[in-house]
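Structure record follows, encoded as structure tokens.
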Amino acid sequence: MKRPSARVCVPVLAALVGAATLVGMTVFGDDGEAHGSSGRHRSADGALTIDAAHRPTAPDLVGTGTDGRAVSLADHRGRTVVVNVWASWCGPCREEAPALTRYQERTKGQGVVVLGLNEDDSAGAARAFAREYRMSYPSVLDPAGKRFRALARGLTSTQGLPVTFVIDPRGRVAATVSGGIDEKRLAALVATARTDTGSS
């Protein structure tokens with residue numbers, strides 16, 4: 001994983017990569033969304049949603065959390081999982097952290113789980129951030145970025161943070177968005193993942 005000085009928080013590159021991915025297979029509908037023949041749709045705000053029949057299986061995010069406990073995405077099969085990729089040095093990550101915590105608390109018992117994926121080189125920095133923002137959900141330590149790269153492959157760039165992925169109850173990537181996210185936007189992506197879970 002590159003050091004913070006080599007990374008950017010506002011993922012402009014992700015938008016460019018996303019646009020390039022859609023070139024040659026995209027048409028724009030009356031709703032202003034980009035409709036891809038591969039079942040991928042890029043909205044005006046940059047969010048990518050994927051039709052159920054085309055969703056890739058998410059790799060398992062197995063690792064150690066900021067609290068020292070084991071964390072695994074596979075443990076949450078049957079639930080919708082929000083995976084938020086963050087780092088303590090990222091300004092937008094700090095701005096969105098309270099919203100993610102509120103969302104996790106609000107959706108407890110509703111079949112939705114929030115997991116973090118931390119890109120700090122220092123576990124101490126990650127733990128301090130989690131304490132400061134009273135994060136009520138676990139975050140997998142990913143200092144080398146291997147888990148992030150595996151999850152993002154073919155979907156978005158890994159050059160900017162934060163990035164949020166929504167995994168449907170069958171363990172497939174249903175949506176992803178780069179940049180800070182609020183509760184309203186997050187709820188909409190989760191709803192998409194939960195209402196379109198047909199077999200692939």
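The values are calculated or read from the model by the stated rules, or taken from the named source; none is laboratory data. Quantities reported herein were computed from a predicted structural model and do not represent experimental measurements. Note that we place each Cβ from the backbone using ideal geometry, even for glycine, and neighbour counts take in every protein chain shown. Quick note on the areas: whole protein, heavy atoms, side chains included, nothing else; ligands and nucleic acids left out. Shrake-Rupley method; radii C 1.70, N 1.55, O 1.52, S 1.80 Å.
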Residues satisfying the stated conditions in region 164-192, i.e. of a type in the set (A, V, I, L, M, F, W, C) and touching a residue at least 12 places away in the same chain (Cβ under 8 Å): F165, V166, I167, V173, A174, A175, V177, I181, L186, A187, L189, V190
Odd one out for T195 among (1) within 10 Å of the chain's Cα centre (by Cα); (2) free of Cβ contacts under 8 Å to residues at least 24 places away in the same chain: (1)
Helices (runs of 4 or more DSSP H) lying entirely in region 103-200 (those with 1 or more residues that are of a type outside the set (D, E, K, R) and under 16 Å from C90 (Cα atoms)): 123-132, 146-152
Complete set of residues in region 33-57 that are open to solvent by less than 30 Å² (accessible area, probe 1.4 Å), assigned to a loop (DSSP other than H, G, I, E, B) and under 18 Å from A150 (Cα atoms): R55
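What number of residues within region 58-83 satisfy the criterion of being in a strand (DSSP E or B) and farther than 22 Å from G154 by Cα?
5
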Where S157 falls short, out of the listed (1) farther than 17 Å from T64 by Cα; (2) modelled with pLDDT under 95; (3) open to solvent by 40 Å² or more (accessible area, probe 1.4 Å); (4) of a type outside the set (D, E, K, R): (3)
